[in-house]
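Chemist: I am attaching a structure below and will ask some questions about it afterwards.
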Amino acid sequence: MLRAALIGFSSSGKSTLFQLMTSLRESGRSASGKGETLVGISKVPDSRLDRLTAMFNPRKRVAATVEFSDMAAPGQTAGAQTLVDVVAYKNADALVHVLRAFQDPAVPHPAGSINPARDAQAMEDELILADLGVAERRLERLEKDLKKARTADLERERDVLTACRAALEEGRPLRALDLQGEDLKRLRGFQFLSAKPLLIVINLDESQLSAEGEGANAGGFNDRAVDAAGLTPFLSRAGTAAAAVCAKIELEIAQLEAADAAAFLADLGLKESGLDRVIRASYDLLGYISFFTVGEDECRAWSIPRGTSAHVAAGEIHSDIARGFIRAEVVGYDPLVTRGSMAACRDRGEVRLEGKDYIVQDGDIINFRFAT
């Protein structure tokens, strides 16, 4: 399951958005030692799964999911140094920074004014400083270890961490470094916060959202909201993306029936809720795609990293399928919905037999043949 952790300064709307996005219940709470960590699950909205479910009328529909974590802590922010020690944040695949762009005199901003670009950089600086402390402590231990016994692995780890320290001292997040292969693996154990992909969520005023209209739908991102918040330079950095949302509107939508919610969004010139955009943006930021399995029993979306082979994808369903893999029957989403059935696709030669090394494409419908 994909994991994303929410961060943000107080009064940003972070906790409100978290509770709206997830199926949080009291059982979703856990102690972090330095605060309360809340964990909830969000279903990734996917109109393709909706269409396939309507076609096959299965007993069960299972969407892809993202697990979100939120640390409830006193003060202006949970503090990046605190997050270093929180398991849910260390293990997160990405960070979601909720930025306040709305005006509300009844809820003053801790810094005294609304400035999303300032807050984005302030949080980035915290992440960088926290990572710098981790890197420096590890380098100190490495120097001691190298005096006892010099090995190629330890020397390479020192070189990589030295490069990381230099970048951090320059104020650059580690996600901006082009680390590959073994060097990237060496850093995974440290779970550097600034190395994680970062999604900026701009929490707008209702008036701002209404003014944006259809602009909020383009590619799932609100480019005009980004420009208005002064975030364009910040978002030019590698591994960074943005989505705009209005927590106040989302609270109102959450209390409506589906048909009424759709009508409300239409009145605002929107095709989907901001929460759906945030969930999908988190999924896309991590470079994940969905393939589908369909049938009378179940229609399900499966999450895999882009570039995954059919053999590895089979293992996502069950290790026995990967172990006994023979072939993958594959048909694209568009041909299937156009023809209306797998049989019609077979008649037209649109169902392919692929081997273990086939790279699964977004939207593939796959039936795995395997031997037990």
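Chemist: Being touching a residue at least 40 places away in the same chain (Cβ under 8 Å) and either among the polar types (S, T, N, Q) or not in a strand (DSSP E or B) (or both) is true for just one of ALA344, ALA313. Which residue is that?
Modeler: Working: ALA344 fails: touching a residue at least 40 places away in the same chain (Cβ under 8 Å).
After ruling out the rest, the residue left standing is ALA313.
Chemist: Could you tell me how many of the residues in the stretch 148-207 are assigned to a helix (DSSP H, G or I), charged (D, E, K, R) and within 30 Å of CYS246 (Cβ to Cβ)? Full working, then the answer.
Modeler: So the first thing to find is which residues in the stretch 148-207 are assigned to a helix (DSSP H, G or I), and the list is 148, 152-169, 174-176, 181-188, 193-195, 206-207.
Keeping just the survivors that are charged (D, E, K, R) gives 148, 153, 155-159, 165, 169, 175, 182-183, 185-186, 188, 206.
Among the residues that remain, those that are also within 30 Å of CYS246 (Cβ to Cβ) are: 175, 206.
Residues meeting the conditions: 2.
Chemist: Now for a separate question. Open to solvent by 20 Å² or more (accessible area, probe 1.4 Å) and over 26 Å from ASP284 (Cβ atoms): which single residue out of ARG165, ARG172 fits that description? Don't jump to the end; show me each part of the working.
Modeler: On the way: ARG172 fails: over 26 Å from ASP284 (Cβ atoms).
When all the criteria are applied, what remains is ARG165.
Chemist: Still on this structure, I have one more. Take ALA135 and tell me if it is small (Gly, Ala, Ser), in a helix (DSSP H, G or I) and buried (at least 21 other Cβ atoms within 10 Å of the Cβ).
Modeler: Details: small (Gly, Ala, Ser): yes; in a helix (DSSP H, G or I): yes; buried (at least 21 other Cβ atoms within 10 Å of the Cβ): yes.
Criteria met by ALA135.
Chemist: To continue, here is another question. Just to verify a result, which residue in the stretch 108-132, among those that are open to solvent by 20 Å² or more (accessible area, probe 1.4 Å) and of a type in the set (Asp, Glu), is nearest to LEU6 (Cα to Cα)?
Modeler: By that ranking, first place goes to GLU126.
Chemist: A further question on this structure: Among the residues that make up the stretch 317-334, is at least one of them surrounded by 14 or more Cβ atoms within 10 Å (Cβ to Cβ), under 25 Å from the mean Cα position of the chain (by Cα) and assigned to a helix (DSSP H, G or I)?
Modeler: The answer is yes, given that some residue of the stretch 317-334 is surrounded by 14 or more Cβ atoms within 10 Å (Cβ to Cβ), under 25 Å from the mean Cα position of the chain (by Cα) and assigned to a helix (DSSP H, G or I).
Chemist: Starting from the stretch 172-190, keep only residues that are more than 13 Å from ARG156 (Cα to Cα) and among the charged types (D, E, K, R), then list their pairs with residues that are modelled with pLDDT of 85 or more and part of a helix (DSSP H, G or I) whose Cβ atoms are within a distance under 8 Å, requiring at least 6 positions of separation or different chains.
Modeler: As it stands, the answer is ARG172/ILE128; ARG175/SER194; ARG175/ALA195, since those pairs meet every condition given.
Chemist: Okay, next question. Only residues that are open to solvent by 70 Å² or more (accessible area, probe 1.4 Å), more than 24 Å from VAL107 (Cβ to Cβ) and either among the charged types (D, E, K, R) or modelled with pLDDT under 85 (or both): list them for the stretch 245-275, please.
Modeler: Matches in the stretch 245-275: GLU257, ALA258, ASP260, ASP267, LYS271.
Chemist: Looking only at the stretch 280-289, decide whether some residue is open to solvent by 10 Å² or more (accessible area, probe 1.4 Å), of a type in the set (Asp, Glu), farther than 30 Å from ALA122 by Cα and in a helix (DSSP H, G or I).
Modeler: No: zero hits.
Chemist: Sticking with this one: For the stretch 53-104: of the residues being of a type outside the set (A, V, I, L, M, F, W, C), under 20 Å from the mean Cα position of the chain (by Cα) and part of a loop (DSSP other than H, G, I, E, B), which is modelled with the lowest pLDDT?
Modeler: To start, the set of residues in the stretch 53-104 that are of a type outside the set (A, V, I, L, M, F, W, C) comprises 53, 57-61, 65, 67, 69-70, 74-77, 79, 81-82, 85, 89-91, 93, 97, 100, 103-104.
Retained after the next criterion (residues that are under 20 Å from the mean Cα position of the chain (by Cα)): 65, 67, 69-70, 89-91, 93, 97, 100.
Those still in the list that are part of a loop (DSSP other than H, G, I, E, B) too: 91, 93.
Working: ASN91: 86, ASP93: 92.
This residue is ASN91.
Chemist: Same structure again: Output the number of residues of the stretch 347-372 satisfying the condition of being free of Cβ contacts under 8 Å to residues at least 40 places away in the same chain and surrounded by 17 or more Cβ atoms within 10 Å (Cβ to Cβ). Full working, then the answer.
Modeler: Taking the stretch 347-372 as the starting set, the residues that turn out to be free of Cβ contacts under 8 Å to residues at least 40 places away in the same chain are 347-353.
Remaining after also requiring surrounded by 17 or more Cβ atoms within 10 Å (Cβ to Cβ): 350-351.
Counting residues in the stretch 347-372 that are free of Cβ contacts under 8 Å to residues at least 40 places away in the same chain and surrounded by 17 or more Cβ atoms within 10 Å (Cβ to Cβ) gives 2.
The values are calculated or read from the model by the stated rules, or taken from the named source; none is laboratory data. Predicted, not measured: the structure shown is a model, and the values here were computed from it. Ideal geometry is used to build each Cβ from the backbone, glycine not excepted, and the neighbour counts take in all protein chains shown. Accessible surface is based on the protein model in full, side chains and every heavy atom, while ligands, DNA and RNA are left aside. Shrake-Rupley method; radii C 1.70, N 1.55, O 1.52, S 1.80 Å.
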